[in-house]
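Please read the structure below before turning to the comments.
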Amino acid sequence: MSERPEHQRPRRLADWLNPTGARKAHSLIDKVYKRKNLQMAWEKVKANQGAGGVDGESIEAFGERLEERLDQLHEELRTDCFRPQPVRQRSIPKTDKPGEYRMLGIPTIFDRVCQQALLNRLEPIFEPVFDEASFGYRRGRSTKDALRKVWKEIEAGGEWIVDADLRDFFRDSGPRKAPHTGLATGVGWTSTAPDRGDAQVRQLWRGSTASDGVRNPAGFGDLTPAQ
């Protein structure tokens with residue numbers, strides 16, 4: 001078995017967005033709100049199913065008004081008027097820790113489509129620079145692939161395995177606060193970015209990662225208790 005699964009990569013956005021080989025991609029927002037990209041994002045959200053958010057709109061209801069809702073999202077992103085809805089909060093029991101619960105944030109379907117549209121454009125840019133030993137939350141990689149990597153390291157003479165977890169890493173405050181400025185600089189998104197479209201994408205990205213205890217680290221918007 002191979003260390004890494006073989007799969008065809010989609011054509012990278014960076015390949016045609018930066019034909020000169022420049023590292024940074026500008027004006028991404030217009031690629032995010034492109035109608036075809038929003039349609040692709042909806043198809044993925046629909047395939048994943050899941051419950052609706054605080055507005056009560058289900059996958060089925062969104063689909064019934066698909067053209068209207070995608071047109072609305074396109075226009076809100078194009079005019080920089082998009083504002084995420086509060087995220088519905090639900091506690092689910094941890095399978096490996098009886099009596100403990102994990103907080104789950106459930107965005108609205110509308111916001112999930114926006115998140116997926118953003119991911120569609122960012123993933124092809126950043127995927128090529130991720131470390132080969134990274135397997136979490138990456139397309140085409142799984143825990144089994146990570147185990148293959150571990151066994152390969154053991155066979156090569158490795159003796160130590162460190163099990164660590166980043167707790168509350170994306171909080172906006174506290175001792176475990178993530179260095180947001182450093183992260184933004186690391187990915188090439190600084191406050192001096194000259195392109196307004198790039199700034200809009202940066203704002204959406206920060207909205208999907210910031211967490212201060214009342215925001216959802218996995219999605220947009222303030223958390224609100226589940227009904």
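Observations on the structure shown:
- Reported count of residues in region 80-94, each being outside any loop (DSSP other than H, G, I, E, B) and open to solvent by 70 Å² or more (accessible area, probe 1.4 Å), is 2.
- Failed condition for Lys97, given (1) surrounded by fewer than 18 Cβ atoms within 10 Å (Cβ to Cβ); (2) at pLDDT 90 or above; (3) not aliphatic (A, V, I, L, M): (2)
- Among the residues of region 57-64, not a single one is open to solvent by less than 30 Å² (accessible area, probe 1.4 Å), touching a strand residue (DSSP E or B) at 6+ places or on another chain (Cβ under 6 Å) and more than 24 Å from Leu28 (Cβ to Cβ).
- Odd one out for Lys31 among (1) modelled with pLDDT of 85 or more; (2) open to solvent by 90 Å² or more (accessible area, probe 1.4 Å): (2)
- Any hit, region 47-59, residues being without any contact (Cβ under 8 Å) to a residue 24 or more places away in the chain and more than 20 Å from the chain's Cα centre (by Cα): yes
- When region 116-131 is filtered for residues that are within 26 Å of Gln72 (Cβ to Cβ) and either touching a strand residue (DSSP E or B) at 6+ places or on another chain (Cβ under 6 Å) or open to solvent by 40 Å² or more (accessible area, probe 1.4 Å) (or both), the ones remaining, listed by number, are Leu119, Arg121, Glu123.
- Checked against (1) at pLDDT 95 or above; (2) surrounded by 19 or more Cβ atoms within 10 Å (Cβ to Cβ); (3) of a type in the set (Val, Ile, Thr), Ile106 passes all but condition (1).
- Of the residues examined, Arg139 is one that is open to solvent by 90 Å² or more (accessible area, probe 1.4 Å), touching a helix residue (DSSP H, G or I) at 6+ places or on another chain (Cβ under 8 Å) and not polar (S, T, N, Q).
The values are calculated or read from the model by the stated rules, or taken from the named source; none is laboratory data. Since this is a predicted model, take the numbers as computed values, not measurements. Here Cβ is always computed from backbone atoms with ideal geometry, including for glycine, and neighbour counts include all displayed protein chains. For accessibility, only protein heavy atoms count, side chains too; no ligands or nucleic acids. Shrake-Rupley method; radii C 1.70, N 1.55, O 1.52, S 1.80 Å.
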